[in-house]
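A.B. asks: Attaching a single structure in structure tokens format; questions to follow.
The values are calculated or read from the model by the stated rules, or taken from the named source; none is laboratory data. A quick note: this is a predicted structure, and the numbers were derived from the prediction, not measured. For neighbour counting, all protein chains shown are included, and Cβ atoms are generated from backbone atoms with ideal geometry for every residue, glycine included. Remember, those area values only see protein heavy atoms, side chains included, never the ligands or the DNA or RNA. Shrake-Rupley method; radii C 1.70, N 1.55, O 1.52, S 1.80 Å.
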Amino acid sequence: MRGPGSYQELTELLRSRLPRLAGGQRRIAHLLLADPEGTAFRGISEAAQVAEVHESSIARFANSLGLSGYPALMELCRAWLAEQAQLARRSENGQGPPGGLLSATLDQEQTDLSRTYGRLDVGAWLRAAGLLTEAAAVRVIGVRDCAPIADLFALRLSRVRAGVRRLGASVVDELREFTAGDVLVAVSVRRYAAETVRVAEYARDEGLSVVALTDNVVSPLTELADTALFAETGGVGGTRSLTACLSLAQALAVEIGLRLGKPRSDEIPPDFGFFHES
């Protein structure tokens, strides 16, 4: 078996195997997916301690992936870190492309979008679209950096179907309106917002279906969701980018509109004068 040649290939392989992995192997996979930065420099003894397995288990896990051992996993993570560092350096002191930070950002955003749509699980996408098309009501939650994504998704979705509610400041009061058979869309990326996770857990327990927009299979939303869509969040200069996640949210709203036929009109009466007419 040929092993993965890059960290990106490694993540694809781990994601495909994750549902079939046993407890210890799953913890190793979670560690590799959630913390490539740490794995790049963490020895096998420390990695075994973090994953709560024996060192031999990590070595066997690496072999099962077609790699020679744990050092090969470290090398994949180090190469990935070098790529990220190269992108960051382009923004320093005018180094790299003539556009500096702008060129580096453009490169990273294009990479995030390509990877997001290139790795998109079509089955998960179709399940999400089906749930959001058929549900009597849809609730949407996202806080902090993810709040604008939740805002835009709720707005776009409300233009193509009725019964969409953006959960606001008084989430605890709004929980009482949750009804079995409805759908909750939960948006969160690392570091994952505890409030969003708690609401998703409550929704699941109340019989709602949960659609997660997140960044990684190790996101706590993944295990709570009926279906999850993953977006790459690589950024320049140590930041995370939400461009790909926002793009997924917009595409999903468009998908629902297409499924339901002609979108509901969002026209505002001309006499109201909301838009500036040049």
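A.B. asks: Out of curiosity, is Arg204 in a helix (DSSP H, G or I), basic (Lys, Arg), more than 30 Å from Leu106 (Cα to Cα) and touching a Leu at 6+ places or on another chain (Cβ under 7 Å)?
C.D. replies: Judged against the criteria, Arg204 is a match.
Okay, residues lined up against (1) modelled with pLDDT under 85; (2) open to solvent by 60 Å² or more (accessible area, probe 1.4 Å); (3) outside any helix (DSSP H, G or I):
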residue	(1), (2), (3)
Ala244	no, no, no
Leu248	no, no, no
Val254	no, yes, no
Asp271	yes, yes, no
Phe274	yes, yes, yes
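A.B. asks: Another question, if that's okay. Every residue in segment 59-80 that is farther than 26 Å from Leu221 by Cα, open to solvent by less than 30 Å² (accessible area, probe 1.4 Å) and without any contact (Cβ under 8 Å) to a residue 60 or more places away in the chain, please.
C.D. replies: Passing the criteria: Ala62, Gly69, Tyr70, Met74.
A.B. asks: Moving to a separate point now. Kindly provide the set of residues from segment 40-58 that are open to solvent by less than 50 Å² (accessible area, probe 1.4 Å), of a type outside the set (A, V, I, L, M) and assigned to a loop (DSSP other than H, G, I, E, B), ordered by number.
C.D. replies: Selection gives Arg42, Gly43.
A.B. asks: For segment 190-201, name all the residues that are in a loop (DSSP other than H, G, I, E, B) and under 14 Å from Glu223 (Cα atoms).
C.D. replies: Answer for segment 190-201, where residues must be in a loop (DSSP other than H, G, I, E, B) and under 14 Å from Glu223 (Cα atoms): just Tyr192.
A.B. asks: Does any residue of segment 145-167 turn out to be over 16 Å from Arg198 (Cα atoms), part of a helix (DSSP H, G or I) and of a type in the set (Asp, Glu)?
C.D. replies: Scanning segment 145-167, I find at least one residue that is over 16 Å from Arg198 (Cα atoms), part of a helix (DSSP H, G or I) and of a type in the set (Asp, Glu), so the answer is yes.
A.B. asks: In addition: Filter segment 1-32 for residues that are among the small types (Gly, Ala, Ser) and over 20 Å from Val217 (Cα atoms); which is surrounded by the most Cβ atoms within 10 Å (Cβ to Cβ)?
C.D. replies: This residue is Gly3.
A.B. asks: Quick check on segment 84-130: of everything there that is surrounded by fewer than 16 Cβ atoms within 10 Å (Cβ to Cβ) and among the charged types (D, E, K, R), which residue is modelled with the lowest pLDDT?
C.D. replies: Glu92
A.B. asks: Another question, then. For Asp35, only one of the following conditions fails: (1) open to solvent by 30 Å² or more (accessible area, probe 1.4 Å); (2) under 20 Å from Thr222 (Cα atoms); (3) in contact with an Asp or Glu (Cβ under 9 Å, 6 or more places away or on another chain). What is its number?
C.D. replies: In the conditions (1) open to solvent by 30 Å² or more (accessible area, probe 1.4 Å); (2) under 20 Å from Thr222 (Cα atoms); (3) in contact with an Asp or Glu (Cβ under 9 Å, 6 or more places away or on another chain), Asp35 misses (3) alone.
A.B. asks: Filter segment 154-196 for residues that are modelled with pLDDT of 90 or more and of a type in the set (Asp, Glu); which is least open to solvent (accessible area, probe 1.4 Å)?
C.D. replies: Going through the qualifying residues, I end up with Asp182.
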